[in-house]
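Participant: Next up is a structure, given as structure tokens.
Throughout, read-outs are computed from the coordinates displayed, never taken from laboratory work. If you're wondering where the values come from, they're calculated on a predicted model, not measured in any experiment. We place every Cβ from the backbone using ideal geometry, glycine too, and count neighbours over all the protein chains shown.
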Amino acid sequence: MTANPASVDDLRAVPAVGVVCIRDDEVLLIRRGTPPKQGEWSIPGGRIEPGEPAKTAALRELKEETSVDAELVGLLDVVDAVFHNRSGELITRHYVLIDYAARWQAGDPVAGDDAAEARFFHQSELDSLELWSETRRMIQKGFELLCE
């Protein structure tokens, strides 16, 4: 990857949300149905619509992608997700992810919107998944926050 890649013309950082939804010893994950990271497991989330409060967007995206209802319990962190082209010479996407922890309230996961699959994973299953390092970190922080 290039040390200081340029960005594609008119690229702007996109505000987005993610939700670490915990039910007992399980976390809700989706298999992404669209790029970036298509086919990979991730926490549910997506773009914030213009004028939409971040917390509202988090609960909306959770419902759209999984059909699950939850209660937000706290902010976990803000993470930059920067994607490059194959050669690493260009930045093609930049998301500013506002990640929240949530406690599951109701509903069985059903994939919707741009999620190809949605299901709860027990903590013991997470090591077998290829997850982005920041996703792992947010999940860990979510369990820590909800299990205090």
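Participant: What does the net charge come to around Arg31 if you take all other residues with beta carbon closer than 12 Å to its beta carbon, with K and R at +1 and D and E at -1?
Facilitator: Combined, the nearby Lys, Arg, Asp and Glu give -2.
Participant: For the range 50-98, what does the relative contact order come out to in percent, with C-alpha contacts under 8 Å and a separation of six or more?
Facilitator: For the range 50-98, the relative contact order is 28 percent.
Participant: If you don't mind, there's one more thing I want to ask. Per residue and in cubic angstrom, what volume does the convex hull of the Cα atoms of the range 68-108 have?
Facilitator: Per-residue hull volume (Cα only) is 83 Å³.
Participant: Can you give me the relative contact order of the chain as a percent, contacts being Cα pairs under 8 Å and 6 or more apart?
Facilitator: 33 percent
Participant: By the gyration tensor of its Cα atoms, with a ≥ b ≥ c the square roots of the eigenvalues, what is the shape of the range 1-55: rounded for a/c under 1.5, prolate for a/b over b/c, or oblate?
Facilitator: Cα axes put the range 1-55 in the oblate bin.
Participant: A further question follows. Would you mind ranking Tyr95, Tyr100 so that the residue whose beta carbon has the fewest other beta carbons within 10 Å leads the list?
Facilitator: Tyr95, Tyr100
Participant: Turning to a different aspect of this structure: Rule-of-thumb check for the range 6-146: C-alpha Rg over 2.2 N^0.38 Å?
Facilitator: 1.02
Participant: While we're here: So if we plug the beta-carbon distance of Val110 and Arg86 into 1/(1 + (r/R0)^6) with R0 = 35 Å, what FRET efficiency do we get, rounded to 0.05?
Facilitator: 0.55
Participant: I want the local charge near Ala81. Using Cβ-Cβ distances under 13 Å, sum +1 for each Lys or Arg and -1 for each Asp or Glu among the other residues.
Facilitator: Computed value for this residue: 0.
Participant: Here's another thing I want to ask about it. I'd like the distance separating the alpha-carbon centroids of the range 83-148 and the range 4-27, in whole Å.
Facilitator: The range 83-148 and the range 4-27 have Cα centres separated by 9 Å.
Participant: Going by how many other beta carbons lie within 10 Å of each one, how would you line up Ile43, Ile22, fewest first?
Facilitator: Least to most surrounded, the residues fall as Ile22, Ile43.
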